[in-house]
1. For the range 355-411, give me each residue that is part of a loop (DSSP other than H, G, I, E, B), modelled with pLDDT under 95 and not small (Gly, Ala, Ser).
2. Residue 254: more than 28 Å from residue 390 (Cα to Cα), β-branched (Val, Ile, Thr) and surrounded by fewer than 24 Cβ atoms within 10 Å (Cβ to Cβ), yes or no?
3. Got a sec? Which of 242, 266, 232 is part of a loop (DSSP other than H, G, I, E, B) and either among the charged types (D, E, K, R) or over 26 Å from residue 316 (Cα atoms) (or both)?
4. If we scan the range 128-145, do we find a residue that is closer than 24 Å to residue 38 by Cα, free of Cβ contacts under 8 Å to residues at least 60 places away in the same chain, over 15 Å from the mean Cα position of the chain (by Cα) and assigned to a loop (DSSP other than H, G, I, E, B)?
5. Test each condition in (1) under 21 Å from residue 262 (Cβ atoms); (2) crowded, with 16+ Cβ neighbours inside 10 Å for residue 322 and report the one that comes out false.
6. Given the conditions (1) within 23 Å of the chain's Cα centre (by Cα); (2) modelled with pLDDT of 95 or more; (3) not aliphatic (A, V, I, L, M), which single one is not true for residue 225?
7. Given (1) under 30 Å from residue 77 (Cα atoms); (2) part of a helix (DSSP H, G or I); (3) of a type in the set (Ser, Thr, Tyr), identify the lone condition not met by residue 351.
8. So which of 223, 237, 241 ends up being under 21 Å from residue 137 (Cβ atoms), surrounded by fewer than 20 Cβ atoms within 10 Å (Cβ to Cβ), aliphatic (A, V, I, L, M) and not assigned by TED's automatic domain parsing to the domain that holds residue 300?
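The values are calculated or read from the model by the stated rules, or taken from the named source; none is laboratory data. Nothing here was measured: the structure is a model prediction, and the numbers come from that model. Every residue, glycine as well, gets a Cβ built from its backbone with ideal geometry; the counts of neighbours run over all protein chains shown.
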Amino acid sequence: MRRIHFIGIGGVGMNGLAQLSAQYGYCVTGSDRAYSSASRIFRCLEQIGIRLYPQDGSALTEKTDAVVYSTAIEPGNPDLQQAGKLKIPILHRSEFLKELIGDNKLIAVAGTAGKTTTTGMLGWIFESLGLDPTVYNGAALLNWKTGTIPGNIRKGNAGLWIIEADESDKSLLNFHPDHSIITNISRDHYELDELNAMFNRFEEQTSGTTLRGTGRRIPVPTLGKHDEENAGCAFELCLALGMDETAVRQALSTFKGIERRLEIIGKTDGITVIDDYAHNAAKISAALSAAVSAYGTVHVFWRPHGFGPLAQGLSDFAAVFSNHWKKNGGSIFILPVYYAGGTVTRSVTSTDLVERLNSAGVPAEAVPDYPALKRRLEEVAEAGTAILGMGARDPQLPLFARHLVEAWKTS
């Protein structure tokens with residue numbers, strides 16, 4: 001039995017790999033500096049036999065066969081350093097995923113936005129049509145998520161894989177899929193010229209059909225025109241692969257959505273609370289548009305997920321929020337940049353974004369923390385409106401959305 005250790009095992013990409021590894025018979029351990037026994041994902045991992053350790057190198061021994069890391073892990077990480085001392089092979093998560101897939105049939109979904117939802121739609125369609133895929137996704141399908149099952153992976157037929165492929169660290173280029181989807185391309189992580197070259201190469205590495213987003217819309221029971229476009233991508237690939245059109249449409253009609261992708265958390269005092277993972281300008285714009293179309297007045301809060309991404313996209317973020325407010329009104333609240341530790345350059349902060357918006361006539365507000373944000377939302381939100389929270393990485397964002405529903409106007 002191979003012994004595999006995952007550094008940062010709670011991350012959205014890493015916990016799925018850890019689950020699949022455990023289900024395929026590996027002996028799995030992990031560490032995460034954000035570990036909390038109260039966290040649902042860590043409880044779920046422990047319940048399937050994964051042992052979690054402090055991130056101090058203590059989990060690693062001469063019997064450890066490989067250490068898996070993500071791009072977010074810095075070189076000075078104690079587990080990485082201990083792996084080096086013990087000469088344990090170190091694999092990027094995409095390299096280990098490629099090892100799990102082996103020579104089996106692979107469908108990979110890439111693109112700047114929509115790849116998680118499109119991957120989930122494909123997985124649900126294939127399952128609904130009895131094709132029993134193994135699925136690796138960046139967030140949970142609400143159709144699969146339960147109290148004890150995270151829902152972001154599905155162990156099925158090892159001969160058929162459907163995965164989300166990540167462009168943020170160019171790791172999508174580690175895969176040579178049989179078929180692929182490129183949902184769309186917009187500036188995020190890299191400039192457009194570099195992104196176009198990367199996705200072109202990804203298409204060249206696909207041996208069969210590559211479908212690029214065409215804007216075709218297929219109705220689905222979730223919020224947003226962009227979800228209809230995601231469904232259009234999944235639908236067209238399935239038809240290209242010879243699947244029955246009626247059956248594909250039926251499967252999509254029962255798709256419940258993806259966790260933290262315009263997920264409706266609940267209602268309180270007639271106010272709908274929505275949670276979304278949007279972290280770049282294109283995704284924020286799509287989420288805002290969908291919420292406004294459904295609810296009219298929207299009170300928005302956003303937490304930038306890193307100092308670097310905020311600095312790179314400052315002008316784009318300002319333009320999206322400004323255009324939204326001037327057209328639709330409502331409220332805009334910006335939380336401090338999420339910082340999970342490590343070495344960062346803090347040249348641009350949330351205050352800079354708020355000041356830029358204020359100078360453009362947009363009454364955006366900087367809020368220092370979640371209690372202050374809750375008080376302000378309770379002051380401005382009224383029945384019939386919606387609260388939309390957005391941001392990546394911070395595990396408190398979805399918890400706060402649920403807290404709003406459960407403890408509205410209570411201390």
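1. Result: 393, 394, 395, 409, 410.
2. No: the conditions fail for residue 254.
3. One residue alone meets the criteria, 242.
4. Yes, the conditions are met somewhere in the range 128-145.
5. The single condition residue 322 does not satisfy is (1).
6. Result: residue 225 fails condition (2) only.
7. (1)
8. So the residue among 223, 237, 241 that is under 21 Å from residue 137 (Cβ atoms), surrounded by fewer than 20 Cβ atoms within 10 Å (Cβ to Cβ), aliphatic (A, V, I, L, M) and not assigned by TED's automatic domain parsing to the domain that holds residue 300 is 241.
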